Amino acid sequence: MTAATKPIEIPVPTGVKLPIFLDNHSTTAVDPRVVETMIPFFTEHYGNAASRNHVFGWTAEAAVENARGQIAALLGGDAKEIVLTSGATESNNLAIKGAASFLKKQGNHIITVETEHKSVLDTCKRLQREGFEITYLRPAKDGLVTPEQVVEAMTDKTILVSIMVANNEIGVVQPIEAIGAAVKARNPKALFHTDAVQAFGKVPFDVEKAKVDLAAVSAHKLYGPKGIGALWVRRKPRVRIDPIIDGGGHERGMRSGTLPVPLIVGFGKAAALAMDEMAAETLRVRALRDRLYRGITSRLTETYVNGSLECRLPGNLNISFAFVEGESLLMALKDIAVSSGSACTSASLEPSYVLRALGVGDELAHTSIRFGIGRFNTEAEVDYVIELVARSVERLRSLSPLWEMHQDGIDLNSIQWTPH
Amino acid sequence: MAYSDKVIDHYENPRNVGTFKTETDIDAGEVGTGLVGAPACGDVMRLEIRVVDGTIADARFKTFGCGSAIASSSLATEMIKGMTLDQAAQIKNTQIVEELNLPPVKIHCSVLAEDAIKAAIEDYKKKRSK
């Protein structure tokens, strides 16, 4: 056995605590300042915000209204336009199903993109089975769609266009303002929905500038609690959608159900913090991401960033390490929380559909790792991760027949493989 | 998903990694190579056997694949050492599944290891018959 095949052991620098969380696109830690704001609403102000005849209800309602204002402010909208939901999956479902149901007399065509989140794609697939026609736009190799592409796909039957601001896997940020303008110029009556979850509080996004009608957001991607999200629904001009949950007529009839006041208060606080700190945080997080990128690419050859590096969330790095299968690398990075586009990390044995849509070959898709840097990561953590990643990739390459063949100058495409 | 201790052990301390090609004292005619899988599927195994007097005297592997694939091929090299070609050809993937405690979603890794053994034996026999 060669020394290179031995497990990697790197001393943990002082100030770094394992495990390190670098999976901030999947969720985030709740900011302690958010938790602090929430606590009184569990034990003291536990009223039902819909109770109109006592102080418990009034206190809860006032807190909810305050939070609505905080959430709306970060979107550039009005508090009255916030429909609170259980999270962005519900918000996307409500936006798309609700709009399709309300507008079915106007048309049956919906446009979306192949790289959208599953809560958009699977909702569209369901509508397709119910008779709607869906166009799935294919992004360019850098992950971006163009306004021209969207307009070209629009017909007189188009009732809804759904395009995310920022992608959850590759972090690519779409030219959402240009797309919104183009959609509205082609047909002002077609609704424009955006899944803004990953962008919310991370990059500037304004519902007016983007001319959107519906925008889905959630708290837990922004250092708020899990289980609370919102759909922003334009009031001027008024956008109407059918509810998917019926009941007491809460949220202007669009989403019934008792409001989880502590979660909403936390959501509001998280949005308010982002409003104050986004500019500074973006600089800090981007510097960490760039440090990670430079550190990895200066140590290793044959690495490929997936998606545009320029139009990208500050904290995202999605990178393929050629000739090293993603899950085996995750195993080496067992004290680092990241995710992979490798098939082996999913039950389906298919590599990431997002990378496939970009035209990234399956062989490279299997080697991709998504790093998501967030508010609580430090430079010392990033430096430790660079060292661990570089040495783990080197070790796994020394185990990889593909790396050896590549080093020997063998073209891997010239080999008759046996797919299984 | 948690890995079994045996998978982790083979992943962290893989046995018989390498290639006979770089070992100058070995007669290429004694070596059979099995290369199975595909990069697009996320796993490729290369298993080499060195056959002396009808017995597998030694084995080498390199694998591109998940931890279970690396462990399956590492284990396979250990299993076949000292076996005759006929004995090695009889190895079933289920033995690897059992030994490594592989979950259902990882069974294909053991199948690939079985295929690699068979392909290496076939390659050796083909060379010999020339």
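Note on the stretch B:31-55: residues that are in contact (Cβ under 8 Å) with a residue 40 or more places away in the chain and either surrounded by fewer than 17 Cβ atoms within 10 Å (Cβ to Cβ) or not polar (S, T, N, Q) (or both) total 13. Going through (1) of a type outside the set (S, T, N, Q); (2) more than 30 Å from residue A:341 (Cβ to Cβ); (3) touching a Lys or Arg at 6+ places or on another chain (Cβ under 8 Å) one by one, residue B:127 falls short only on (3). Any chance the stretch A:157-177 includes a residue that's surrounded by fewer than 17 Cβ atoms within 10 Å (Cβ to Cβ), out of contact with any Ser or Thr (no Cβ under 7 Å at 6 or more places or on another chain) and part of a helix (DSSP H, G or I)? Scanning the stretch A:157-177, I find no residue that is surrounded by fewer than 17 Cβ atoms within 10 Å (Cβ to Cβ), out of contact with any Ser or Thr (no Cβ under 7 Å at 6 or more places or on another chain) and part of a helix (DSSP H, G or I), so the answer is no. The residues in the stretch B:14-37 that are in a strand (DSSP E or B), of a type in the set (A, V, I, L, M) and either more than 28 Å from residue A:351 (Cβ to Cβ) or out of contact with any Ser or Thr (no Cβ under 6 Å at 6 or more places or on another chain) (or both) can be counted, and the count is 2. Among residues that are out of contact with any helix residue (DSSP H, G or I) (no Cβ under 8 Å at 6 or more places or on another chain) and closer than 30 Å to residue A:33 by Cβ, residue A:312 is included.
Inside the stretch A:242-253, residues that are surrounded by 20 or more Cβ atoms within 10 Å (Cβ to Cβ) and out of contact with any Leu (no Cβ under 7 Å at 6 or more places or on another chain) make up a count of 1.
The residues of the stretch A:18-60 that are loosely packed, with under 11 Cβ neighbours inside 10 Å and either on the phi > 0 side of the Ramachandran plot or assigned to a loop (DSSP other than H, G, I, E, B) (or both), listed by number, are A:18, A:19, A:44, A:52, A:53, A:54. Residues that are within 14 Å of chain B (Cβ to nearest Cβ), touching a His at 6+ places or on another chain (Cβ under 6 Å) and over 28 Å from residue A:32 (Cβ atoms): does the stretch A:349-356 have at least one? Yes. Per the conditions (1) crowded, with 20+ Cβ neighbours inside 10 Å; (2) outside any loop (DSSP other than H, G, I, E, B); (3) modelled with pLDDT under 95, the sole criterion not satisfied by residue A:413 is (1). Only one entry in A:141, A:209, A:189 is within 23 Å of residue A:70 (Cβ to Cβ), assigned to a loop (DSSP other than H, G, I, E, B) and not hydroxyl-bearing (Ser, Thr, Tyr), namely A:209. With respect to the stated conditions, residue A:395 fails to be more than 9 Å from chain B (Cβ to nearest Cβ), part of a loop (DSSP other than H, G, I, E, B), surrounded by 17 or more Cβ atoms within 10 Å (Cβ to Cβ) and under 33 Å from the mean Cα position of the chain (by Cα). Among the numbered conditions (1) of a type in the set (Val, Ile, Thr); (2) free of Cβ contacts under 8 Å to residues at least 60 places away in the same chain; (3) within 7 Å of another protein chain (Cβ to nearest Cβ), the only one that residue B:22 does not meet is (3).
Residues in the stretch A:1-16 that are surrounded by fewer than 10 Cβ atoms within 10 Å (Cβ to Cβ), within 30 Å of residue B:71 (Cα to Cα) and away from chain B (no Cβ under 14 Å): 1 in all.
Every residue in the stretch B:49-67 that is closer than 16 Å to residue B:119 by Cβ and either more than 10 Å from chain A (Cβ to nearest Cβ) or assigned to a loop (DSSP other than H, G, I, E, B) (or both), please. Matches in the stretch B:49-67: B:49, B:50, B:51, B:56, B:59, B:60, B:65. Over 21 Å from residue B:129 (Cβ atoms), surrounded by fewer than 20 Cβ atoms within 10 Å (Cβ to Cβ), among the hydroxyl-bearing types (Ser, Thr, Tyr) and modelled with pLDDT under 95: does that describe residue B:19? In short, no.
If I filter the stretch B:26-47 for residues that are in contact with a strand residue (DSSP E or B) (Cβ under 7 Å, 6 or more places away or on another chain), more than 13 Å from chain A (Cβ to nearest Cβ) and closer than 19 Å to residue B:110 by Cα, do I get at least one hit? Within the stretch B:26-47, none of the residues are in contact with a strand residue (DSSP E or B) (Cβ under 7 Å, 6 or more places away or on another chain), more than 13 Å from chain A (Cβ to nearest Cβ) and closer than 19 Å to residue B:110 by Cα. For residues that are of a type in the set (Lys, Arg) and surrounded by fewer than 24 Cβ atoms within 10 Å (Cβ to Cβ), scanning just the stretch A:365-392, find the one that is farthest from the other protein chains (Cβ to nearest Cβ). Result: A:375. Pairing residues of the stretch B:104-117 that are more than 11 Å from every other protein chain (Cβ to nearest Cβ) with residues that are among the polar types (S, T, N, Q) and surrounded by fewer than 23 Cβ atoms within 10 Å (Cβ to Cβ), at Cβ distances under 6 Å and at least 6 apart in sequence or on separate chains, gives B:110/B:93; B:114/B:93. Exactly one residue out of A:309, A:330, A:283, A:273 is surrounded by fewer than 23 Cβ atoms within 10 Å (Cβ to Cβ) and in a loop (DSSP other than H, G, I, E, B), and it is A:309. Looking at the stretch A:98-133, which of its residues are closer than 30 Å to residue A:269 by Cβ and touching a helix residue (DSSP H, G or I) at 6+ places or on another chain (Cβ under 6 Å)? If the condition is that a residue be closer than 30 Å to residue A:269 by Cβ and touching a helix residue (DSSP H, G or I) at 6+ places or on another chain (Cβ under 6 Å), then A:119, A:120, A:123 are the ones that fit.
Only a single criterion out of (1) outside any loop (DSSP other than H, G, I, E, B); (2) buried (at least 17 other Cβ atoms within 10 Å of the Cβ) is not satisfied by residue A:128, namely (2). Scanning the stretch A:178-214 for residues that are surrounded by fewer than 24 Cβ atoms within 10 Å (Cβ to Cβ), in contact (Cβ under 8 Å) with a residue 60 or more places away in the chain and of a type in the set (D, E, K, R) yields A:189, A:206, A:208, A:209. A single entry from B:118, B:106 fulfils the requirement of being modelled with pLDDT under 95 and either among the aliphatic types (A, V, I, L, M) or part of a helix (DSSP H, G or I) (or both): B:106.
The values are calculated or read from the model by the stated rules, or taken from the named source; none is laboratory data. All figures in this text were calculated on a predicted structure; none of them were measured in a lab. Every residue, glycine as well, gets a Cβ built from its backbone with ideal geometry; the counts of neighbours run over all protein chains shown.
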